[in-house]
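To keep things clear, I will list the structure first and then write my remarks on it.
Read-outs throughout are calculated quantities, based only on the coordinates presented, and are distinct from any laboratory measurement. This one's a predicted model, so the numbers in the text were calculated from it and none came from an experiment. Here the Cβ is made from the backbone with ideal geometry for all residues, glycine too, and neighbour counts use every protein chain on show.
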Amino acid sequence: MPDPKIDIKDSPIPESPLQPVQYTGEQEIQFSCHKNIKCFNACCRQIDLQLTPYDIVRLKNRLGMPSEEFLRQYTFPYEIDKDGVPGVKMKPVDGTSQCQFMTEEGCGVYEDRPAACRYYPAGLLSLRRQDESVDRQSYVIVQENHCKGHFEDKIQTIDQYREEQGVVEYDEHSRGWRQLILKKISSGPVLGKPTAESLQFLFMACYNHDKFREFISNASFRKTFDLNEDKMNQLNTDDVALMHFGIDLLKQVLFGEQTIPLRTGAVKKRIEERWEIVQQRNRLKEEIGRAQKDAYELDMESQQSENDPDDAS
Ligand code: SF4
Ligand code: SF4
């Protein structure tokens, strides 16, 4: 059986004295969490939870709210890297660090709880070196003083724990998003600082799914991308399909990957339309310039005639 510990030299994390130990899924952990444990709910009283797009779909559908309302009420945005690549974290109860979904009986959204809650005390590390095209997946184990689950007898591998917690499905639905975010972060030094518009678009496509649905339904989007009625019907009714479509569209827009078919001649037509808009703007600017010049000259003439004593008669 291969050693489940990952060689530290193989780690994409820069070497540091605080280097966390990284494991494969074959690593055994001694841990169990249940309702009768002394520390029950302790972890939900001090949250710092990053949400994935799939977490958001599951939670907003459970609560029956549009994504925008969910984001406003239960989350806050944060910057994943120095270039402002956007992420979303769970917003705690005002003035505390307690999760808004915590109840005395436990998690109020248990069947739809986020991936990070399912993983705990393990954490997924999805990392990519700048010279690599695929990301590496490994796990870390967090041992916090308040968590007594580490003193329970149950022993299982991290992979078995992932199955038990239903996190495998979450990872499958989040893989495309993780790859996209890693690629965006690692390409930062090459592509330079992203524009505010591209970061806003990334936020909408990743997290604000209902707004993104409106965006892809507009006529100009349909003129550019070749989507048949069946595909549009699926995107209008299936939030998970819409979420994956958003990630694919971002791969195309940000990195030029051919993920979504374009209409024949659509790019050329859009360039021509934009060129025409630019030309119209330039013509308008010239006309405004001429009108301002005429007004200025008229003004100067009338001032001159007021100051000229010969014209006073
Ligand atoms: S979502 Fe549930 S499990 Fe996760 S922190 Fe909140 S209450 Fe705890
Ligand atoms: S055992 Fe750990 S994970 Fe379970 S309730 Fe206690 S603190 Fe939370």
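Identification of helices (runs of 4 or more DSSP H) wholly contained in the stretch 158-264 with 2 or more residues that are under 26 Å from Ser138 (Cβ atoms) yields 158-164, 167-186, 188-191, 196-207, 239-255. Report yes if Ser126 is in contact with an Asp or Glu (Cβ under 6 Å, 6 or more places away or on another chain) and more than 16 Å from ligand 1 (Cβ to nearest atom), otherwise no. Taking the combined requirement at face value, the residue satisfies it.
Can you find a residue in the stretch 48-63 that is in a loop (DSSP other than H, G, I, E, B), surrounded by 18 or more Cβ atoms within 10 Å (Cβ to Cβ) and within 16 Å of ligand 2 (Cβ to nearest atom)? Checked against the condition, which is being in a loop (DSSP other than H, G, I, E, B), surrounded by 18 or more Cβ atoms within 10 Å (Cβ to Cβ) and within 16 Å of ligand 2 (Cβ to nearest atom), the stretch 48-63 yields at least one hit.
Suppose we filter Tyr110, Tyr78 for residues that are away from ligand 2 (no atom under 16 Å from the Cβ) and surrounded by fewer than 20 Cβ atoms within 10 Å (Cβ to Cβ); which single one remains? On inspection, the qualifying residue turns out to be Tyr78. Taking Ile37, is it assigned to a loop (DSSP other than H, G, I, E, B) and of a type outside the set (S, T, N, Q)? So Ile37 passes the test.
Out of the residues in the stretch 88-114 that are within 10 Å of ligand 1 (Cβ to nearest atom) and assigned to a helix (DSSP H, G or I), which is farthest from Leu202 (Cα to Cα)? Top of the filtered list is Tyr110.
Of the set (1) surrounded by 13 or more Cβ atoms within 10 Å (Cβ to Cβ); (2) within 19 Å of the chain's Cα centre (by Cα), all apply to Met232 but (2). In the stretch 138-157, is there at least one residue being within 30 Å of Met65 (Cα to Cα) and free of Cβ contacts under 8 Å to residues at least 40 places away in the same chain? So far as the stretch 138-157 goes, no, none of its residues is within 30 Å of Met65 (Cα to Cα) and free of Cβ contacts under 8 Å to residues at least 40 places away in the same chain.
The residues on offer are Gly87, Gly95, and the sole one that is more than 16 Å from ligand 2 (Cβ to nearest atom) and closer than 27 Å to Thr195 by Cβ is Gly87.
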